[in-house]
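To keep things clear, I will list the structure first and then write my remarks on it.
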Amino acid sequence: MRLTSENAKIYVAGHRGMVGRAIWSHLENAGYTNLVGRTSEELDLRDPHATRQFFEEEQPDFVVLAAARVGGILANDRYPADFIGDNLAIEQSVINAAHETGVKRLLFLGSTCIYPKQAPQPMPEDSLLTGPLEPTNQWYAVAKIAGHKLCEAYHRQHGDDMLTLMPTNLYGPGDDFDLETAHVLPALLRKAHEAKGAAPDGSDAPVALWGSGTPKREFLYVDDLADAVRFVLERPEEEIREVAPDRILNVGVGEDLSIKDLMALIQDVVGHDGPIQHDRSKPDGTPRKLVDTSRLDALGWTADTPLRTGIEKTYDWFRERVALNVER
């Protein structure tokens, strides 16, 4: 059932993270003010009993499941049990509770890492489960595949209005800039910023770039994802069924660039002109990850934010919120 009333109660799971915070703000700006959220300290979504109790008390009409344990290649490699276990637990608790309390529509946010390592480019939704996954993030990918399939199963067996949005690589204000856990774009932003003037002679120090720099990636500004969430919540069921009978929609911008070119763009934004040093002992990951956005295109939605503009906004946020604390 589509979102039509500004008074509908919308639960944004994970509303304090980068994605959830952007969705919350975007919905508020669009006039939806009956929003509900809980921090992880207030509600452990891995606990099915606590989650069910929350749903029974709040009775949300719509749910956006943005809560997840996330991280880059390094974090996935170091904490595989956490990535698969926590995400499976969160998904099952929230999706089951939504079914049991009669939620009108649930949007589950997945990730394009669910697609096979050698998927056709751009990656269509029906390439899911057609080949092996990229090993460096397989734990997270398997959990996200399971979340999508759980939504699909509830729709098939019980008729629940549950569907999955698969956003490409996200970035923006509120991102994780911890080099132990960050994804590639915020990690390179921080590295370039900290390398400015950091050489012994006062010039810009080198920046280490993992792998060859040749893999290509697509990047979606987080506010554009938030707009896509609102857009899909407002679409009638028959429109969604026509373009996505399998209940899955990619969200992307339709173009990508190499990590090497991303680094050059970040250097230009940050004002870093030091050398780039490739650490070829580190993995490249999937060779290319460009998503096919034709389903959302057919519904009438496209991303608005150019990559450079998004990086500039993200860097401004980093300097105001993160860099000052790092430099003190």
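Every number here is computed from the coordinates shown, using simple stated rules; none is lab data. Computed from a prediction, not measured in an experiment: that's the story for all the values here. Methodologically, a virtual Cβ is constructed for each residue, glycine included, from the backbone with ideal geometry; neighbour enumeration extends over all protein chains shown.
Here are some notes:
- The distance linking segment 69-96 with segment 201-223 is 25 Å (Cα centroid to Cα centroid, whole angstrom).
- Binned Cα-Cα distance frequencies in segment 151-270 - 10 Å width, integer %: 11, 32, 25, 18, 9, 4, 1
- Pairwise centroid distance, computed over Cα atoms, of segment 245-311 with segment 107-140, Å: 16 Å
- Kirkwood Rh in Å, taken over all unlike Cα pairs in segment 237-328: 16.7 Å
- Length-normalised contact order for segment 1-59 - Cα pairs under 8 Å, 6+ apart - percent: 34 percent
- Hits among lysines - C-alpha to C-alpha of residue 282 under 30 Å, sequence gap 8 or more where chains match: 117, 144, 191, 196, 216, 260, 313
- Estimated Rh, segment 163-204: Kirkwood, alpha-carbon pairs, angstrom: 12.1 Å
- Of the GluC sites (Glu not before Pro) in segment 118-215, the ones in a loop by DSSP (not H, G, I, E or B) with at most 13 other beta carbons within 10 Å are 180.
- Dipole magnitude for the chain: about 500 debye, using +1 per Lys or Arg Cβ and -1 per Asp or Glu Cβ, origin at the Cα centre.
- Ordered by the number of other Cβ atoms lying within 10 Å of each residue's own Cβ, fewest first, 133, 296 fall into the sequence 133, 296.
- Scaled against the 2.2 N^0.38 Å expected of a compact globular protein of N residues, the Cα radius of gyration of segment 43-176 reads 1.07.
- When DSSP beta bridges are restricted to pairs lying wholly in the chain, around 5% turn out antiparallel.
- Histogram of C-alpha separations across segment 1-71, 5 Å bin width, %: 3, 16, 28, 26, 16, 9, 2, 0
- Computed over the chain, the range of Cα coordinates on each principal axis works out to 65, 42, 38 Å, biggest value leading.
- Residues whose amide H falls under 5 Å from that of residue 278, counting only those 5 or more places apart or on a different chain, are 209, with hydrogens built in the peptide plane.
- Taking amide H as placed 1.01 Å from N in the peptide plane, residue 170 has its amide H under 5 Å from the amide H of 220, each at least 5 places away in sequence or on another chain.
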